[in-house]
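No lab work stands behind these numbers, since they all come straight from the coordinates. It should be emphasised that the depicted structure is a prediction, and the values quoted were computed from it without experimental measurement. When we count neighbours, we look across all protein chains shown, and the Cβ atoms used for this are built from the backbone with ideal geometry, even at glycine.
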Amino acid sequence: MPKQGYTRKEASHRRAKFMMLAGMSDFFGTIASFFVILGCIVLLTTLYTWLRGDLPKVVESLREPILNAFQ
């Protein structure tokens with residue numbers, strides 16, 4: 001007759017194994033999230049730097065057509 005279920009020791013061992021795997025997945029998820037947040041910060045910093053450098057040029061190029069439209 002086949003064995004039914006697990007003994008308490010086997011169940012405890014399996015539970016500990018799954019808890020360890022859950023903890024490892026939490027750890028790796030936290031590390032991956034850190035790098036995603038770091039990448040977003042780098043992208044936002046790059047966007048800010050680009051806008052700060054490019055915005056005066058855009059405003060200057062639009063100033064002449066807008067002034068001519070009101071004359």
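Assuming R0 = 35 Å, what is the FRET efficiency of Met19 and Thr45, from their Cβ-Cβ distance, to the nearest 0.05? Don't jump to the answer; show the numbers that get you there.
Working: r = 39 Å, r/R0 = 1.12.
Calculated value: 0.35.
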Calculated [θ] (222 nm, deg cm²/dmol) that DSSP helices of n ≥ 4 give over the chain, each run adding -39,500 (n - 2.57) | -33000 deg cm²/dmol
Given 10 Å bins starting at zero, what is the percent of C-alpha pairs of the chain in each, up to the one with the largest pair distance?
-> 15, 17, 15, 14, 12, 10, 8, 6, 4, 1
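So if I place +1 on the C-beta of Lys and Arg and -1 on the C-beta of Asp and Glu, and nothing else carries charge, what would the dipole magnitude of the chain be about its Cα centre? I want it in debye, nearest 20.
On the way: 9 positive and 5 negative charges, 177 e Å.
The calculated dipole for the chain is roughly 840 debye.
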